[in-house]
Amino acid sequence: MLPNNGDGTFAPFVTYDVDEDQRYLTFADLSSDGHQDLAVLPKAGRYKLAVLFNRQDGTFISRESYPDPIPGSPVHPDWNGVYGMATGDLDCDGDLDLVISVRKTNLATGNVIVMLNDGAGSFTETGPYRFGENLNSVVIGDLNGDSLPDIAVSDWGTDFLSDNGGVWVLLNMGNATFGPPASYPVVGSARSVALADVDGDGDLDLPAANCAVQGRRIFLFTNNGDGTLVGPVPLDAGAVQTVGLTLADLDGDERADIACTSTGNDVIAVLINNGDGSFGLPVLYPAVSGGLRTMGPYEVLAMDLDGDEDLDL
């Protein structure tokens, strides 16, 4: 971790031992003390979610690890292939819980694990909810207008180049229990998903990046308002193998636009929202520095980096 000096420069990095090769991390106030803690998800094929608590000075202590190990087994079967993570108050008790998506690996299906927070940063595992193939990106939001946070998760399909992926929705039934997963297939391989009201009707819609080789498109699902989805409508991303995706107001008109990354032709594509759920033609920005290429741009975030009140990527 590189602490910010406050002027956009960074102090030397500080390391924290979390035992495993890591894939994703997220900051969230998990101990309800007003400070940002850190949850770290291991590389696919491993397990042990690590939770590091903020000392309230920007340094971290007191790691918790989940799940409890099974004697004689190096990997808990329900956690073998963890891939995505999101935070939200799933049981509406005022603290932040975790949702983790898992690829099927050695199991018959993928699964979603819900980790309920006791308010102090200790978690109890519920589920798993077993469905799908290779689950990866997971998001949390109220999809059916009942003020309860629901779960949506993307699915590669049989592999990340396949044409049998899709999106799954689990509606919150109360007390952080979830109904049966609803499947929304795509002809492609769904990777990153995001939630925002893209058509201005007051409910959350869902675009999904398509990382299949044959795809130059994003899949857009619109919401009926009751948590059921319509689509997908294919959007031309002008890019092969879209992987990372974010929704943000990039042109200042208070509508959610799309930015996505392409590992196939090394660009970031921006699609501006027309206001009715349709999008303009993609504008492509090269994303290779100095002629160097590894695997292309992978994830994308939007924030105001230069203080001019618009969102940069």
Of all residues in the range 1-27, which are open to solvent by less than 90 Å² (accessible area, probe 1.4 Å) and outside any loop (DSSP other than H, G, I, E, B)?
-> GLN22, ARG23, TYR24, THR26
Residue tally, condition of a type in the set (Gly, Ala, Ser) and open to solvent by less than 20 Å² (accessible area, probe 1.4 Å), over the range 181-190 | 3
Residues located in the range 107-146, provided they are touching a residue at least 40 places away in the same chain (Cβ under 8 Å), assigned to a loop (DSSP other than H, G, I, E, B) and over 15 Å from PRO180 (Cα atoms) | GLY119, ALA120, GLY121, SER122, ASP142, GLY145
With the condition kept exactly as written, say whether any residue in the range 201-215 is surrounded by 23 or more Cβ atoms within 10 Å (Cβ to Cβ), in contact with a Phe, Trp or Tyr (Cβ under 9 Å, 6 or more places away or on another chain), among the small types (Gly, Ala, Ser) and in a strand (DSSP E or B).
-> yes
For the range 211-230, what are the residues that are farther than 15 Å from ALA194 by Cα, touching a strand residue (DSSP E or B) at 6+ places or on another chain (Cβ under 8 Å) and at pLDDT 90 or above?
-> ASN224, THR228, VAL230
Filter the range 211-267 down to residues that are of a type in the set (Val, Ile, Thr) and on the phi > 0 side of the Ramachandran plot, then give me how many there are.
-> 0
Any chance you could count how many residues in the range 151-169 are more than 19 Å from VAL233 (Cβ to Cβ) and buried (at least 24 other Cβ atoms within 10 Å of the Cβ)?
-> 3
Near pairs, Cβ below 7 angstrom, 6+ apart or cross-chain, from the range 19-37 (at positive phi) to any residue that is modelled with pLDDT under 85 and open to solvent by 60 Å² or more (accessible area, probe 1.4 Å) = ASP19/LYS48
For residues that are open to solvent by 40 Å² or more (accessible area, probe 1.4 Å) and modelled with pLDDT under 90, scanning just the range 127-150, find the one that is farthest from PHE219 (Cα to Cα).
-> GLY127
Residue satisfying all of: in the range 89-118; open to solvent by 30 Å² or more (accessible area, probe 1.4 Å) and charged (D, E, K, R); nearest to MET173 (Cα to Cα) among these = ASP91
Do we have any residue at all in the range 259-277 that's of a type in the set (A, V, I, L, M) and closer than 21 Å to GLY157 by Cα?
-> no
Across the range 269-313, which residue is modelled with the lowest pLDDT among those that are open to solvent by 60 Å² or more (accessible area, probe 1.4 Å) and closer than 14 Å to LEU245 by Cβ?
-> TYR298
Just name the residue that is least open to solvent (accessible area, probe 1.4 Å) out of those in the range 170-180 that are closer than 30 Å to HIS35 by Cβ and in a loop (DSSP other than H, G, I, E, B).
-> ALA176
Check the range 252-268 and report whether any residue there is buried (at least 21 other Cβ atoms within 10 Å of the Cβ) and among the acidic types (Asp, Glu).
-> yes
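The values are calculated or read from the model by the stated rules, or taken from the named source; none is laboratory data. Everything numeric in this text was worked out from a predicted model, so none of it was measured. Counting neighbours? That spans all protein chains shown, and the Cβs are built from the backbone with ideal geometry, glycine included. Accessible surface is based on the protein model in full, side chains and every heavy atom, while ligands, DNA and RNA are left aside. Shrake-Rupley method; radii C 1.70, N 1.55, O 1.52, S 1.80 Å.
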